[in-house]
Every structure is written in C-alpha cells, then in structure tokens.
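Below is one structure, written out as structure tokens, with a few remarks after it.
FYI, it's all coordinate maths here, none of it is from the lab. Since this is a predicted model, take the numbers as computed values, not measurements. In this analysis, Cβ positions are derived from the backbone assuming ideal geometry, glycine residues included, and neighbour counts consider all displayed protein chains.
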Amino acid sequence: MKRLELIFENHQGKTVTLSLDNPVYPADPAAIAAAMDVIIAQNAFTSAGGNLVAKKGARVVDRTVESIEL
C-alpha cells in the first residue's frame, strides 16, 4: 500500500507529518506543494506544538505486507 506523507514544521520548530492513503501515482510535485501551501495558509491543521508554519518535504512510502502461512 502506498501512502503520501506531507511533512511540515510547526510553530515550535518540530516536525509534523500528515499521511494520506492510496495517493495518485506518480505524484505531482507542483500540486503537492500547492496543497501544502493551502494547508498552511488556512491553518487547516494544528499540532501540540502550534500551527503548521513551513513545508519540510513530501514523500511516497510503499509498504508491502506478506502473510506467512503457519
């Protein structure tokens, strides 16, 4: 399963990660950057360390799970 992780910095300078399951792939860097700008501008999310104030990065994480028959 793929997951898009949006990585922000909050008011206290700590890292905050928002995760979205099953993103459109391949990822569009311009669309992701624009969405992150909107999230920051609208204070859409907050964290224990305050509002999100800056973009730190984004990444697509692919996790594969394989069941083992016992």
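For region 1-22, give me the residue count where each residue is out of contact with any Asp or Glu (no Cβ under 9 Å at 6 or more places or on another chain) and closer than 16 Å to D37 by Cα. So the answer is 7. One residue alone among I68, I7 is out of contact with any helix residue (DSSP H, G or I) (no Cβ under 6 Å at 6 or more places or on another chain) and surrounded by 13 or more Cβ atoms within 10 Å (Cβ to Cβ), and that residue is I7.
Scanning region 10-27 for residues that are of a type outside the set (A, V, I, L, M) and buried (at least 16 other Cβ atoms within 10 Å of the Cβ) gives N10, P23.
Among the residues of region 11-33, the one identified as within 13 Å of the chain's Cα centre (by Cα) and over 29 Å from V65 (Cβ atoms) is A33.
If you go through region 4-43 and keep only what is closer than 13 Å to R59 by Cα, out of contact with any Gly (no Cβ under 8 Å at 6 or more places or on another chain) and assigned to a strand (DSSP E or B), you end up with L4, E5, L6, F8, T17, L18, S19, L20, D21.
Of all residues in region 50-65, those satisfying the criterion of being assigned to a strand (DSSP E or B) and either of a type outside the set (V, I, T) or surrounded by 13 or more Cβ atoms within 10 Å (Cβ to Cβ) (or both) are G50, N51, L52, V53, A54, K55, K56, G57, A58, R59, V60, D62.
Filtering region 28-49 to residues that are out of contact with any Lys or Arg (no Cβ under 8 Å at 6 or more places or on another chain) and surrounded by 14 or more Cβ atoms within 10 Å (Cβ to Cβ) leaves I32, A35, I39, F45.
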